[in-house]
Amino acid sequence: MINITINNISCKTYENRTILETAYENGIDIPVFCNDKRLVPEASCRICLVEVKGGGKLVPACSAKVSDGMTVFTESERVISARKNILDLLLADHDFDCINCSKSGDCRLQEYCLKYDVKESSYTRKRDILDIDTSNNFYSYNPNRCILCRKCVRICRDLQGRDVITAAGRGVFTHIEPPFNTGLGNSRCVSCGNCVSACPVGSLMPKRSIPFETEEIKKTRTTCVYCGVGCQMNLLVKGNKVVGTEPLDIVPNNGLLCVKGAFAYNFINHKDRLKTPLIKKDDIFTESSFDEALDFIAEKLTAIKNSHGKESIAGLTSARCTNEENYLMQKFMRAVIGNNNIDHCARLCHATTVSGLAETVGSGAMTNSISEIEKADTIFVIGSNTTETHPVIGTFIQKAKRSGKNLIVADPRKIELAEKADIFMQLKVGTNIALLNGMMNVVISENLQDKEFIEDRCENYDELVSAIKAYTPELTEKITGVPASDIINAARLYAGSKNSTIIFSMGITQHITGTENVFSVSNLAMLCGMIGRENTGINPLRGQNNVQGACDMGGLPNVYPGYQSVQNAQNKEKFEKAWSVPLSDKSGLTASEMIDLAGEGSLKALYIIGENPVVSEPDGNHVKHSLENLDFLVVQDIFMTETAEFADVILPAASFAEKNGTFTNTERRVQYVQKAIEPLHGTMEDWKILVSLMNKMGYYQNFSSTEEIMGEIAALTPQYGGISHKRILEQGLGLQWPCPDENHNGTPYLHKNAFTRGKGKFIPAVHRFSAEMPDSEYPVILTTGRILYQYHTMTMTGKNSGIMKTAGENYMEIHPELAENLHLKQGETVKVSSRRGSIKIKTRITNKTDKNTVFIPFHFAGGANILTNNALDRFAKEPELKACAVKIEKLFTDTGCKAKAR
């Protein structure tokens, strides 16, 4: 610690601090334009100039380091004079029209001009009036309001990793533009909006449907409702409408958002929101009241239970709902209906992660924290298109690569991270086990394994060694298509680094071998001792905002909240005592089994909250048939989805912005969701709907808030024992489970001294082909996945005009060689068929896929999941959404020609 004086105030600080940092720490404000604590100071705007006693020239506070005994003046006559001159110069080329600028009231240039009484410029404008760039679908750029602080350039380059914009021209003619000035809408910009949120003036502004003045806005902190990163943000509210968002510079997102978090919020107040309960009468939906609809549901479910037994009813809870609501839904099924037939969308994405990691290490969750990823020496990304599916984590990976860290990528497609990777392994779809076994073969044969870690903390090692002997790099190359040299180098790089981390997602999990794929990931990490330490670990990225929490809350057919088995007598007794009702010890139906049994007729009723299986489940035609075959279907959602159209009763729910509760993100961080506006008239929070229904069915619940529900969760769920709304709000950064008691501060990384299961278990796996392989009739492999601009089944993103203009049409990626064989042109509509159905779709010819594989995003109704296969992983019963066989047919042209893939 050293002592300095700022404006005659004595301050203690560290010697590596800047003057600006020290001033802020002591509550002393210094004007800034270009400064951002996430960036290396550039000192380009000069507005932060301060005077150092005995120092001669004024120095920029953002970059000047403190020294012991230093005396600083931030508002001396010299400083004020310099700042006035800087503002005078800026105004010379500035579109000084505050009255018509949307940034008015929140503009730093306006603020400082008022502070220093600078009303107009004394200089003559030299720069031409430039055209406003409105080519981007989400924001506009007015170069005439730009002050050339270059913060946007550095955020795009150094934080977002895109390097889309730069300073062009010289002197007074300098301006910001994308290369060749083609317009931001035609550049590599991914519309993350991070430059927009950081712009200190009105140069970069979002395109808003509802304009507002700064003083009209109320800000409410909450958690993003899209992917599993759990970005922290403010919702900007005017009246009772959400009119914008802004990122918060705290974990886990550190001031960043993606295009969805930044701009796709308008679904909250969209005109198509469900606004009243609907009951289907004579195949026509008629408006109802909540009392009437809930009475009807209670009557029908009771009658079906009495006539066909409690096992004839099932429920799907939702990764989009809060922890508290998921807890109530599983409690409703178990305590009121009387069975364990409860599941949710994790069955389609990370059920194999939960089952696989539970067996090998004892806990089916991300072992380490998001903030640790960029600190790892080597990052191994396998089966995760991170920059599109979890964009903020993708930026952290790219930042790590730019700082000199190693990056290994394994994926069937040449994803964006592949372009940056030190080693890219483009494996064939469904060959993950072979690739990972091949890497482990190299590790063991070259004596790179962590023998001490294996001896002290693992079991079943000899069986692993025996199983992978056959997977030489040469054999692995034949199976996977990855060159043996790349397999060898990847193994050496991963095992030879001090800290390596593995990141995976649905490219690992959505296979009939999904659980075994996860076994193999776990085997590699334990073999090299890359778990149980900071900056290492096994890190499955959860896809939806609260899919981790829905699992934690017992939204699974085999476990109570906290992954406590329903077949364990002590667990059953514990929950029977807490809930005052007998419970079943029989594992319930998975989502896939619910659909099948509905089709067969043995499942009579299904209650769905916030899920859209008609679009998200494989073999969509089978799903539709099954839902039509139900005696009774209830759908609780915020929009009329493709699934809701089949319902007998529809209940209009409140959105995330209209309620309080918690989400648990992919790193196990429990974060607060705060009500920003009142629920849309005619809607109700999901938890209130469930409480009302439980009461109407004779199981009385007296919860008056989600805080009370969290209290019950904490009492029954060991991992959440120390978590409460009060603690989360006071602590401000969320709490990572396990957090067993109120004195515990949460757990950034798991398995520090021992695995949750005791010793980590090596479970060898052998390569097996996908359930469907190419043949003469269906000669091409289809794989599916997400794209940056859409989310799940588009219930929310589909309501955003910018999103739909940018990525509103489905497409199929196809390799140029395959396209040429089929005589296909770019953008041509073709017919794609599997054994389950056919779709028509436009081609996108690209080198991203190999010549025997096509890719279709799964978001679109009537798209990829009409074709996909519902073959299941034998452990977790997760369907193989990532691989099926298809044929591609050229539609008849004027000449009548037709071609098939062969």
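The values are calculated or read from the model by the stated rules, or taken from the named source; none is laboratory data. Owing to the predicted nature of the structure, the values given are computational and were not obtained by experimental measurement. Note that each Cβ is placed from the backbone with ideal geometry, even for glycine, and that neighbours are counted across all protein chains shown. The area values use the complete protein model at the heavy-atom level, side chains included, leaving out ligands, DNA and RNA. Shrake-Rupley method; radii C 1.70, N 1.55, O 1.52, S 1.80 Å.
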| query | Scanning for something on the phi < 0 side of the Ramachandran plot, part of a loop (DSSP other than H, G, I, E, B) and of a type in the set (K, R), does the stretch 59-79 turn up at least one residue? | reply | no
| Among the candidates A43, A82, which residue alone is out of contact with any Cys (no Cβ under 9 Å at 6 or more places or on another chain) and open to solvent by less than 80 Å² (accessible area, probe 1.4 Å)? | A82
| Every residue from the stretch 641-656 that is under 16 Å from S318 (Cβ atoms) and either open to solvent by 10 Å² or more (accessible area, probe 1.4 Å) or assigned to a strand (DSSP E or B) (or both) | E642, I650, L651, P652, A653, F656
| Lone qualifier among L427, L524, L435, L448 - being of a type outside the set (V, I, T) and surrounded by fewer than 19 Cβ atoms within 10 Å (Cβ to Cβ) | L448
| query | Which ones in the stretch 617-632 are within 21 Å of C321 (Cβ to Cβ) and surrounded by fewer than 24 Cβ atoms within 10 Å (Cβ to Cβ)? | reply | L627
| said: Residues that are touching a strand residue (DSSP E or B) at 6+ places or on another chain (Cβ under 6 Å) and among the aromatic types (F, W, Y), at least 1 per element: which helices (runs of 4 or more DSSP H) completely within the stretch 477-529 meet that? | reply: 484-496
| said: For the stretch 657-685: of the residues being closer than 14 Å to C321 by Cβ and of a type in the set (S, T, N, Q), which is surrounded by the most Cβ atoms within 10 Å (Cβ to Cβ)? | reply: T664
| request: Name every residue in the stretch 12-37 that is over 24 Å from Q110 (Cβ atoms) and in contact with a helix residue (DSSP H, G or I) (Cβ under 6 Å, 6 or more places away or on another chain), in order of residue number. | output: T13
| strands (runs of 3 or more DSSP E) contained entirely in the stretch 802-867, each with at least 2 residues that are open to solvent by 30 Å² or more (accessible area, probe 1.4 Å) | 829-833, 838-845
| If you check E325 against the conditions, is it of a type in the set (D, E), over 30 Å from N460 (Cβ atoms) and at pLDDT 95 or above? | yes
| request: Can you confirm whether the stretch 23-40 contains a residue that is in contact with a strand residue (DSSP E or B) (Cβ under 6 Å, 6 or more places away or on another chain) and among the charged types (D, E, K, R)? | output: no
| task | Determine whether the stretch 294-314 contains at least one residue that is part of a loop (DSSP other than H, G, I, E, B) and touching a residue at least 12 places away in the same chain (Cβ under 8 Å). | result | no
| field | In the stretch 219-246, the residues that are closer than 19 Å to E388 by Cβ and either out of contact with any His (no Cβ under 6 Å at 6 or more places or on another chain) or surrounded by fewer than 24 Cβ atoms within 10 Å (Cβ to Cβ) (or both) | value | C224, V225, Y226, G228, G230, C231
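Go through the stretch 364-387 and give me each residue that's surrounded by fewer than 21 Cβ atoms within 10 Å (Cβ to Cβ) and within 21 Å of the chain's Cα centre (by Cα).
Matches in the stretch 364-387: S371, E374, K375.
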| request: Go through the stretch 315-340 and count every residue that is within 28 Å of S724 (Cα to Cα) and either in contact with an Asp or Glu (Cβ under 6 Å, 6 or more places away or on another chain) or not in a helix (DSSP H, G or I) (or both). | output: 10
| remark: Here the residues within the stretch 1-17 that are assigned to a strand (DSSP E or B), among the polar types (S, T, N, Q) and open to solvent by 80 Å² or more (accessible area, probe 1.4 Å) are S10
| Does any residue of the stretch 182-194 turn out to be out of contact with any Lys or Arg (no Cβ under 7 Å at 6 or more places or on another chain), surrounded by 15 or more Cβ atoms within 10 Å (Cβ to Cβ) and under 24 Å from I99 (Cβ atoms)? | no
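Take the residues in the stretch 696-753 that are of a type in the set (D, E, K, R) and in contact (Cβ under 8 Å) with a residue 24 or more places away in the chain; name whichever of them is nearest to T322 (Cα to Cα).
E707
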| In the stretch 192-219, what residues are closer than 25 Å to S371 by Cβ and either of a type in the set (V, I, T) or in contact (Cβ under 8 Å) with a residue 40 or more places away in the chain (or both)? | C192, G193, N194, C195, V196, S197, A198
| Candidates V443, V465, filtered to the one that is free of Cβ contacts under 8 Å to residues at least 40 places away in the same chain, aliphatic (A, V, I, L, M), surrounded by fewer than 23 Cβ atoms within 10 Å (Cβ to Cβ) and in a helix (DSSP H, G or I) | V465
| said: Can you find, within the stretch 275-310, the residue that is farthest from G338 (Cα to Cα) among those that are surrounded by 13 or more Cβ atoms within 10 Å (Cβ to Cβ) and among the small types (G, A, S)? | reply: S288
| query | Quick one: in the stretch 105-157, which of the residues that are polar (S, T, N, Q) and within 32 Å of the chain's Cα centre (by Cα) is most open to solvent (accessible area, probe 1.4 Å)? | reply | T134
| note | Exactly one of G356, G362 is touching a helix residue (DSSP H, G or I) at 6+ places or on another chain (Cβ under 6 Å) and modelled with pLDDT of 95 or more, and that residue is G356
| message | Just the residues that are under 30 Å from V649 (Cβ atoms) and open to solvent by 40 Å² or more (accessible area, probe 1.4 Å), please, taken from the stretch 250-274. | response | N266, N269, K271, D272
| field | Cβ pairs under 8 Å, 6+ apart, first in the stretch 627-641 and closer than 12 Å to I609 by Cβ, second modelled with pLDDT under 95 and assigned to a strand (DSSP E or B) | value | none
